[in-house]
Every structure is written in C-alpha cells, then in structure tokens.
Amino acid sequence: MRTDWITPASFADAPVGTNDEHACLPPRHGYDAQVNIAAPTRVTPRSDGTLVVPVCMRGLVPVSMGMDPPTVHARDVATGKEYSGVAYVHPAPGERYGAHADIIPSSRPKPQPIPEGTRVGQQFTTDLVRNAGIPREPAVYEVHILAGGMKSEVVKVEVAAPTP
C-alpha cells in the first residue's frame, strides 16, 4: 500500500468511521476523565483525488442521559474559518457500521438512570473531511474533539497540495 500521501505513514491504515482498536489511537493517561487525540501532521490528496484525514480519539468521558455525541472541530489557521460536525455515533444495537438488523422496539432495554460521575471508555477514528467538512484545498488546521463536555488537546494538521 502506498503511504506517501500521509505523515506519519502509520495513519494510512487507520480505520475511519469505526471504534476498532489500531496502532494510531492515542494512549489513555490514568483513570481521570480525559479526551486524547492523535492525527497525522501532513496529508495530501491521493492519486485518485480522494482526501481522508483520520483523527483518532481515546478517553474516559463523563456520561449523562441524552448527552450529545462527540464532535470534531477544525480551524483554518490562515483564515480563521471553522468547520465542525459529529465525530462518531456508536451503532445502535443490531447495527454494525451501517448494516441494520430489524429490532422490535419493545425488545430494547428501557433507559436506566446514569449515576453522577460515571465515565465511559470511548475510542473512535473519524475523518476530518467527511465529518467536519473541511475543503480539499491546501491549509493548516488546528483540530480538537469535544466529548462529554470535555475538550481534547489541539493538534495541527496540514492538508498539502497534490504532488504532480
């Protein structure tokens, strides 16, 4: 597989749109609430014109009933323009990445109250192009994820011009 379109090359295999375990997920630091991200430093559109910018998240996220899904945010450093969107929504019971199974609504468990201070381990890999809507033109972005009311660190990602 060609990996000259992404730096570091290990991100070329990051499975976007999933919560699968892989080498590019950042480590978790202890057991306190946290949102950690990792992303490539430079990405170029592939030879077929597609652009995928994986952003990997792992953390311990405070949860509550009806909480919003995690969101991914990118700010163009030169223009200040901001892009954002839902980073990841865990598949419903019976679904796996878009494959739907018929479930009788009454068979779903009834929601239970969540005790205050509950944290849940969460990990996923999202695509900055598909999920935040960044354009395919060259730019440098400051990227972060919001999850469970917490903000990750900010990482810089350069979208480079295609090489001739």
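The values are calculated or read from the model by the stated rules, or taken from the named source; none is laboratory data. These numbers come from a predicted model, not from an experiment. No Cβ is skipped: glycine too gets one built from the backbone with ideal geometry, and neighbour counts run over all protein chains shown. Heads up: the accessible areas ignore ligands, DNA and RNA and are worked out on the full protein's heavy atoms, side chains in. Shrake-Rupley method; radii C 1.70, N 1.55, O 1.52, S 1.80 Å.
What to note about this one:
- Members of the stretch 3-26 that are farther than 18 Å from residue 41 by Cβ and open to solvent by 50 Å² or more (accessible area, probe 1.4 Å): 20, 21
- Restricting the stretch 115-146 to residues that are within 21 Å of residue 20 (Cβ to Cβ) and among the hydroxyl-bearing types (Ser, Thr, Tyr), the residue that is surrounded by the most Cβ atoms within 10 Å (Cβ to Cβ): 126
- Residue match in the stretch 98-121 (condition: touching a Lys or Arg at 6+ places or on another chain (Cβ under 9 Å), at pLDDT 70 or above, at negative phi and not in a loop (DSSP other than H, G, I, E, B)): yes
- Flag if residue 66 is within 20 Å of residue 127 (Cα to Cα) and of a type outside the set (Val, Ile, Thr): no
- Counting the residues of the stretch 27-45 that are of a type in the set (Gly, Ala, Ser) and crowded, with 19+ Cβ neighbours inside 10 Å gives 2.
- Matching residues, the stretch 46-63, being open to solvent by less than 20 Å² (accessible area, probe 1.4 Å) and in contact with a Pro (Cβ under 6 Å, 6 or more places away or on another chain): 51
- When the strands (runs of 3 or more DSSP E) confined to the stretch 1-90 are screened for residues that are under 17 Å from residue 142 (Cβ atoms) and of a type in the set (A, V, I, L, M), those reaching at least 3 such residues are found at 34-38.
- Of residues in the stretch 147-161 being within 30 Å of residue 117 (Cβ to Cβ) and at pLDDT 95 or above, the one surrounded by the fewest Cβ atoms within 10 Å (Cβ to Cβ): 151
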